[in-house]
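Structure first, commentary second.
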Amino acid sequence: MNKNGVRVVYRAGGGSYWSDEDKVFYVDTNQTPEEIANTFVHEVNHAKHRNEPDPKKMGKQEYIDRAIDEEVNGVAEQIKSNQELRDARGPKYTDQTVMQSQYEDAYKKAVDAENAERARHGRPPLTPEGERRVGEDAGQKRIRQAFDNGEVVASTNRKMRTRSASCGSSAERPRNRLRRLPAVLAAVVLLGVAGCQGGTTEGKTPVKPTPRPDEAVRTSIAAGLGQAGDAEQAAVVTRGGSQLTPVPAPFLKTWKIFQVDYRQGAHPVRFFVASSGSKATLLTGRPKAFTSVTAEDGANVADPATAATLARLYVETTRPAEKLTYVVGSVDEIQFRPGLSGDDAARKDAIVKRYRPVVKAPEGAAQGDGFAVTVFVVKDSELQRRAFTVSKRGAVTEKTTTLVKDLPVPMAL
């Protein structure tokens, strides 16, 4: 890291990831030491390939293949690092990382199959080095399969929304049209495929960027975030290619909430900020920041429907950046892994049957001087029921109950 001039920035919230643009590895101190270590190993793989692959220097299919290969290699390195942690500390103290069980299962099956074949032909079993070579090859192929079939998705959001400012286009892509691409890479791929056509830019006249109509708002938000110590997010807000989307929050009087997306790096970035015009605060990963905003704003929560809107936004805007988290209004909105079969398919059917009459859209009811709101949430592989108490001035308390611990849903990066 030092040799290559890479900085490491520690801060609470925002997730842990590598930024090509800044040559910075951002570390979210809200994560466990094991999560930070695994993410570090994964993102170092991206740092080694900074600004690669370049969609402007190759054809569409080559770009897609190389982008996916880089991600697969990063996951494999992450798994091997976690195995070393497990061997040193014991499985009791080390949780599995993304795709580890699938990788290890493919590894073992491939080694066993090769040794069985050798035994049938009277050949000696694989050497330790041979086992590693055969096993790692099978493990990486299993990871690639997961990226291709939708078992792995981006933690930023379950839906895919992209915008390529450099190519002057924006698009909303239905999930089924992207099913053959890993969602964690789809935004980057679409930049090269949909907007820029892959290929080279030689001989073309550069297009001068058009000033964005919301530039003054971006500048104000960036200044506020910078003053609050969130320079990383401030830079993203004003960066070319980022998207700033107002989020309706009818309970707020003067403050406003914005969703910020940046899709042109190794991983898509999404976070939420609140701004009063003169101040700004990061909401993602910081539930207390949300209640501070409603308190300073003097929010007006006049009825159960507004309370339900507030509770939903609280979940969506303060979720941890590294955890796939979304509100569901019915069991049909749970994004199960595609192509489930056997025990996984049976488990899905049982979950759907059990919770179809239970899971509903967020709804509020009068309670004392305020309101009670129930919101159903998928967080990682859990189905949760969150019971909120919302005051008429927007103060929030919550109690979370886990209904299902191991939903057969995609894993998130």
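What follows draws every value from the coordinates through simple rules; no lab data is involved. All of these numbers come straight from a predicted model, not from anything done at the bench. Cβ atoms come from the backbone with ideal geometry, glycine included; neighbour counts cover every protein chain shown.
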Between the stretch 370-412 and the stretch 241-304, the alpha-carbon center distance in angstrom: 19 Å
Separation of the K60 and D95 label points, Cα + 7 Å toward Cβ, nm: 3.9 nm
Net charge of Cβ neighbours under 13 Å - reference K92; Lys, Arg +1; Asp, Glu -1: -1
Solution diffusion estimate, µm²/s, Stokes-Einstein, the stretch 301-413, Kirkwood Rh from C-alpha pairs, 37 °C, viscosity 0.692 mPa s: 222 µm²/s
FRET efficiency, N51 to A366 (Cβ-Cβ, R0 51 Å, nearest 0.05): 0.35
Centroid-to-centroid separation of the stretch 86-133 and the stretch 213-228 [C-alpha atoms, Å]: 51 Å
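In debye, nearest 20, what is the charge dipole magnitude of the stretch 213-300 about its Cα centre with +1 on Lys and Arg Cβ and -1 on Asp and Glu Cβ, if you could check?
For the stretch 213-300, the charge dipole is close to 120 debye.
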Phi to ³J(HN,Hα) by Karplus 6.51 cos²θ - 1.76 cosθ + 1.60 over the stretch 349-355, Hz, x for Gly, Pro: 4, 5, 5, 4, 5, 5, 9
Kirkwood Rh, angstrom, the stretch 1-150 [1 / mean 1/r, Cα pairs]: 17.4 Å
Potential extension, A119-K288 segment - 0.36 nm per residue separation minus Cα distance: 54.6 nm
Of the trypsin sites (Lys or Arg not before Pro) in the stretch 373-413, those whose Cβ has at most 11 other Cβ within 10 Å and which sit in DSSP loop: K405
Footprinting exposure proxy for T389, T317, T127 (fewest neighbouring C-beta atoms within 10 Å first): T127, T389, T317
Cβ-based net charge around A235, under 10 Å, with every Lys or Arg adding one and every Asp or Glu removing one: -3
Between the stretch 47-65 and the stretch 11-35, the alpha-carbon center distance in angstrom: 24 Å
Residues E21, E84 arranged by fewest to most Cβ contacts within 10 Å: E84, E21
V352/K3 FRET efficiency (R0 60 Å; Cβ-Cβ; nearest 0.05): 0.70
Net +/- balance of residues flanking G285 in space, Cβ distance below 14 Å, scoring K and R +1, D and E -1: +1
Convex hull projection area averaged over all views, the stretch 213-300, Cα basis, nm²: 5.6 nm²
Cβ-based exposure ranking for S381, S19, S101, S242, in which fewest neighbours within 10 Å come first: S101, S381, S242, S19
Size of charge dipole - the stretch 301-406 - debye, nearest 20, with Cβ of Lys, Arg +1 and Asp, Glu -1, no other charges: 140 debye
